[in-house]
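The values are calculated or read from the model by the stated rules, or taken from the named source; none is laboratory data. The shown structure was predicted, so the numbers you read here are calculated from the model rather than taken from an experiment. Neighbour counts are summed over all protein chains in view; Cβ atoms, including those assigned to glycine, are modelled from backbone coordinates with ideal geometry. Keep in mind that these areas ignore ligands, DNA and RNA; they rest on the heavy atoms of the full protein, side chains included. Shrake-Rupley method; radii C 1.70, N 1.55, O 1.52, S 1.80 Å.
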Amino acid sequence: MKKNSKGAFIFMCLAPSVVLFTLFMVVPTINVFRMSFYRWGGYSASRTFVGLDNFRILFSGDMRFLQSFQNTVLLISVVSIVTFGISLVFASILSREEVRGKNFFRVVFYIPNILSVVIISAIFSAIYEANNGMLNSIISFFDRTREPVYWLGDNDIVIFSIAGAMVWQAIGYYMVMYMASMASVPESLYESANLEGAGKIHQFFRITVPLIWSNIRTTMTFFIISSINLSFLFVTAMTNGGPDGASEVFLSYMYRQAYTNSSYGYGMAIGVVVFTFSFALSGIVNLVTYRDPIEI
Amino acid sequence: MKLFEPESDRLYRIFIYVALVGLAVSVIVPVAWVFMASIKKNSEFYGNPWLLPEGFHYQNFVDAWGNARMGEYMMSSVIVTLLAICILLVVALPAAYCLSRFRFRMRKFLRVLFMGGLFINVNYIVVPIFLMFVGFDGYLRDYGMDGFFLNNIFVLALVYASTALPFTIYLLSGYFVTLSSSYEEAAYIDGAGYFRTMMHVMFPMALPSIITVILFNSLAFWNEYIIAITLLTRPGGTRTLPVGLMNLMKAQNAAAQYGQLYAGLVLVMVPTLVLYICVQKKLTEGMNLGGLKG
């Protein structure tokens, strides 16, 4: 076949995806960085180059940004640790133990992952509802005199309520992921551990965890990146940053500055900081958790 | 085989089942509760939330479908999801095929470029995309035409497809590289051209991963709402189902129309649940091919 026709074929195959990818992903990404150097209000009407001013304002006393930073870091750590612990334990139970209805549990645990975050937010709004909510009605069943807890209306509690919804959503996903990698751990290791009388907990920490360590490291990066993204989705649907900015997270604050406040440049500067932060944190976690791979 | 379990083993087994059932209950109960709430009368929401519905109050669904425009929104959601999947397949399949089966000059660069796309989340770039469309529409108006890019569900589908490209190409390429090149050679010898070989020999073989791609992306497109809320802004204009639902959630606080809201939730949930139950095995297996959510 002619070389010419091959080149044309490859071009035809790749051109559409390169065009779409460039137009809707590469150009907007470059624009995020470019816009962060401008003071840009309203619909492209006024646009002045201000250099690093946006970043200077951001780091020199924007209290709401500080609040969103604290909330995000809190969510990343709480959600990651709790989800990691629960999903690892359940993955280990479902792949190591003789349990009846194994498949049923796996299917059920994964359900929250296929639901839209809007739905999960609506469900948890009903659970957290102060007067007729499910959670408060359970609490008052045990203690009738107790005042209702304002799960989404109390500045100190709201962020943990959101964390609860996020954990509920994430457990199944990571559990299935850990189960997949646990399936590749050779059975003979557990058999010999049994012969030597090692207990289940011992086996879990000395065999299972070390042998799926590379998978665990991958999921840690996922935890960081998806906590930042999902917290935005949950906050947008559940509290809209309220009460009084107490549940504001990185990206919801970015969105608020860009849209509600029409400070596009400032919003994009926040985007750049968050982007850099998530990469740096993933990099650090990746470095800290490095272990020499185990040869079997 | 041990005949008698020691006491500690029995306790351990009890603990396992308590944990498993506990987690299962915490997943099933809230979801089932929504189904129950969707057939309750509004007055029933002011009492104990655990009471069973007094009757089958289907009026909620009628209200949600008509008054809250969920029927119309569902239509939009179906169109956007189907269209985005079609665009995605038409665009991503040939690209993934070429990137994994041919050697050419730009190959390495393009692969790295698409891989880089995996790290860009739409939440970051939705504002520039919105501003870009504002600009495009501005040009059109300058020439006396109507705006085209904002408030257009076809453009929304195009954006969905584009933002799903990196992950889809990554997943499909990973499958194409595993196929033996003898299939293509045989097809060429039989006189098939590049295009015919790709369409009639290679794509059918990739069917399992094509199905995985369709499953993951239709769930993602159906559930997405940040891009939809940003690009469909005209007051009273059309919305996708999740966005309509969110508006209903916000209105619900004021008007206290709980029944309608939960009926709307059921309408969004049922298609995904049905799809999931039909293909749950495929979905949880496909996930191990590598996926990043959120």
Report summary line: Here Rg/Rh (Cα, Kirkwood) for chain B equals 1.08
Query - Rounded to whole Hz, the Karplus (6.51, -1.76, 1.60) HN-Hα couplings of the range B:238-247, x for glycine and proline - result: 6, 9, 8, 4, x, 5, x, 5, 5, 4
Requested in this report: Return the sequence-ordered ³J(HN,Hα) values of the range B:60-66 in whole Hz as given by the Karplus equation 6.51 cos²θ - 1.76 cosθ + 1.60 applied to θ = phi - 60°, using x for Gly and Pro.
Outcome: 3, 5, 4, 4, 4, 5, x
Query raised in the report: Residues of the range A:68-260: accessible area per residue at 1.4 Å, in Å²?
Result: 40 Å²
Query raised in the report: How much area per residue is accessible in the range B:99-175 when the probe is 1.4 Å and only protein heavy atoms are counted (Å²)?
Result: 48 Å²
**Report entry** Lys pairs under 29 Å by Cα in the protein assembly as shown, provided they are eight or more residues apart or on distinct chains
**Finding:** 16
Query raised in the report: Accessible surface of A:TRP213 in the full protein assembly, 1.4 angstrom probe, to the nearest 10 Å²?
Result: 50 Å²
Report task. Please name the residues of the range A:112-155 whose accessible area, counted over protein heavy atoms with a 1.4 angstrom probe, falls by no less than 30 Å² between the chain alone and the full protein assembly. Result -> A:ILE114, A:LEU115, A:SER116, A:VAL118, A:ILE119, A:ALA122, A:ILE123, A:ALA126, A:ASN132, A:MET134, A:SER137
Report summary line: Kirkwood calc, the protein assembly as shown, C-alpha pairs only, radius in angstrom 26.2 Å
Requested in this report: Tell me what chain A gives for mean residue ellipticity at 222 nm when only DSSP H runs of n ≥ 4 count, each as -39,500 (n - 2.57), the sum divided by the residue total, rounded to 500 deg cm²/dmol.
Outcome: -22500 deg cm²/dmol
Report summary line: Highest GNM mean-square fluctuation among B:GLY259, B:GLY191, B:GLY147, for chain B with Cα springs under 10 Å, belongs to B:GLY191
Report task. Can you tell me the order of B:200-206, B:177-183, A:197-203, A:90-96 when each peptide is scored by its average per-residue count of other Cβ atoms within 10 angstrom, highest first? Result -> A:90-96, B:200-206, A:197-203, B:177-183
Query raised in the report: Got a number for carbon plus sulfur as a percent of the range A:86-213's accessible area, 1.4 Å probe?
Result: 58 percent
**Report entry** Centroid-to-centroid separation of the range A:72-125 and the range B:115-133 [C-alpha atoms, Å]
**Finding:** 28 Å
Query raised in the report: Between chains A and B, what is the buried accessible area in Å², counting both sides, with a 1.4 Å probe and ligands, DNA and RNA left out, to the nearest 100?
Result: 8100 Å²
Report task. Taking H placed 1.01 Å from N in the peptide plane, check which residues at least 5 places from A:TYR38 or on another chain put their amide H under 5 Å from its amide H. Result -> A:VAL50
Report summary line: Which of B:MET198, B:MET132, B:MET145 fluctuates most in a GNM of chain B (C-alpha springs under 10 Å)? That residue is B:MET145
Requested in this report: Order the peptides B:216-228, B:39-51 from the highest to the lowest mean number of other Cβ atoms within 10 Å of their residues.
Outcome: B:216-228, B:39-51
Query - Karplus-derived HN-Hα couplings along the range A:217-229 (A = 6.51, B = -1.76, C = 1.60, θ = phi - 60°), whole Hz, x at Gly and Pro - result: 4, 4, 5, 5, 4, 4, 3, 5, 5, 6, 5, 4, 6
Requested in this report: Any chance you could check the Cα centroid distance between the range A:1-34 and the range B:20-81 for me, in angstrom?
Outcome: 44 Å
Query raised in the report: Computed from the mean reciprocal separation of all distinct C-alpha pairs, what Kirkwood hydrodynamic radius does the range B:26-106 have, in Å?
Result: 17.0 Å
